[in-house]
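None of the figures in this text is laboratory data; all of them are computed from the coordinates on show. Owing to the predicted nature of the structure, the values given are computational and were not obtained by experimental measurement. Neighbour counts run over all protein chains shown; Cβ positions are idealised from the backbone, glycine included.
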Amino acid sequence: MILVTGATGTIGREVVREIPADLDLRIMARDPGRVTDVPPAAETVHGDFTDPASLADALRGVHTAFLVTNPGGNDDTCFLRAARAAGVRHVVKLSAAAVADHGAEDLITRWQRHNEDLLRTSGMEWTLLRPRSFMSNALSWARSIRSDDVVRALYGTSANACVDPRDVAAVAARALTEEGHAGTVHTLTGPQAITAAEQTAQLAELLGRPIRFEELPPDRARTALSARYPADIVDALLESAERQRKGSKAAVDDTVATVLGRPAGTFHGWASDHLGAFGGG
């Protein structure tokens, strides 16, 4: 039995789609009613990372688990204890590429490092997935593109080797279903680094209309982020953007191509498949 957590999120829902239909699959969610597009044979159960009893039920009979947790909540201790007690052999964890950046000391990165350490010392086999930023983060521009034909973002000329979430999910599914991934750290990037200004130009080309890039000063970026996130998360995101401005996120890794046997997806390809969100036909 494979357990997938985070199935209502960007990566988890794609992982569910990637698991072969002939394998036993259980999906854990705090609110199972929010889980959509569930394969017919899959089981959806309630589970709460702060509730050991619910975790014990969700993990019963599971041999491999995909673990997605979010900063700002509790660490992974409760889940990992329950997983080990249930006899789980292998945990594949979604982490972040910034963990390997010695200059990254923001809240989110420190939280990810801590949880990686918890998994490594859990007594179970582990695989760590460390993606760069998701290409799908561009969806945060969709409203302003639809209404004003403008993208507003920090540091428009700083490059990021962002990755297609579908590639992250495909690698996760391989790690969950194949031998040879235990004890491995997979750093996952796209095939090239790209700037927000370049992403804007590609969206304009695909949409067939001019899209203007407007660089936000840090104070306006803080105001915009503060409408969506707590102050400590806002600080972490702004520190992350500053590291990107200094070039820390531009390195390209070939792990996606190595694991999947095909090139990593491009931003142009991801955007082509999601034009509807930006007002395209």
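The figures follow:
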read-out: Given charges at beta-carbon only (K, R positive; D, E negative), |dipole| of region 137-183 in Debye; value: 240
read-out: Under Karplus coefficients 6.51, -1.76 and 1.60, residue-wise ³J(HN,Hα) of region 8-23 in Hz, glycine/proline x; value: 9, x, 4, 8, x, 5, 6, 4, 4, 5, 7, 6, x, 5, 8, 9
read-out: Principal-axis tilt of helix 196-207 within the chain, Cα atoms, nearest 10 degrees; value: 80
read-out: Formal net charge of residues neighbouring residue 8 (Cβ-Cβ distance under 10 Å; K, R +1; D, E -1); value: +2
read-out: Translational diffusion of region 114-182, µm² s⁻¹ [Kirkwood Rh, Cα pairs; Stokes-Einstein; 20 °C; 1.002 mPa s]; value: 142
read-out: Alpha-carbon spread of region 36-181, three principal axes, descending order, Å; value: 52, 41, 31
read-out: Helix-derived mean residue ellipticity, 222 nm - over the chain, DSSP H n ≥ 4, -39500 (n - 2.57), to 500; value: -11000 deg cm²/dmol
read-out: Table column - 3J(HN,Hα) (Hz), region 150-158, Karplus curve with 6.51, -1.76, 1.60, x for Gly and Pro; value: 9, 10, 10, 7, 6, 6, x, 9, 8
read-out: Assigned charges on the beta-carbon of Lys, Arg, Asp, Glu; region 172-281 dipole about Cα centre (debye); value: 240
read-out: Tensor-based shape of region 177-243 (alpha-carbon gyration tensor, a/c under 1.5 rounded, otherwise prolate or oblate); value: oblate
read-out: Whole-Hz ³J(HN,Hα) from phi, Karplus 6.51 cos²θ - 1.76 cosθ + 1.60, for region 76-89, glycine and proline x; value: 8, 4, 4, 5, 5, 4, 5, 5, 5, 5, 7, x, 4, 8
read-out: Leading residue at positive end of dipole, region 123-262 (Cβ point charges), from 158, 193, 259; value: 158
read-out: For region 102-176 and region 204-281, distance of Cα centres in Å; value: 10
read-out: The chain: mean projected area of Cα convex hull, nm²; value: 14.6
read-out: Helix 165-177 vs. the chain, principal-axis angle (Cα, 0 to 90°, nearest 10); value: 20
read-out: Calculated over region 14-55: convex hull of Cα atoms, volume per residue (Å³); value: 75
read-out: About the Cα centre, charge dipole magnitude for the chain (Lys/Arg +1, Asp/Glu -1 at Cβ), debye; value: 220
read-out: Charge tally in the Cβ shell below 12 Å around residue 107, where Lys, Arg are +1 and Asp, Glu are -1, residue 107 excluded; value: -3
read-out: For region 40-97 and region 1-36, distance of Cα centres in Å; value: 12
read-out: Translational D in µm²/s for region 95-239 (Stokes-Einstein at 25 °C, 0.890 mPa s, Kirkwood Rh from C-alpha pairs); value: 143
read-out: Three-way shape label, region 1-107, alpha-carbon gyration tensor, a/c 1.5; value: prolate
read-out: Label point distance in nm, residue 235-residue 142, each placed 7 Å from Cα along Cα→Cβ; value: 3.2
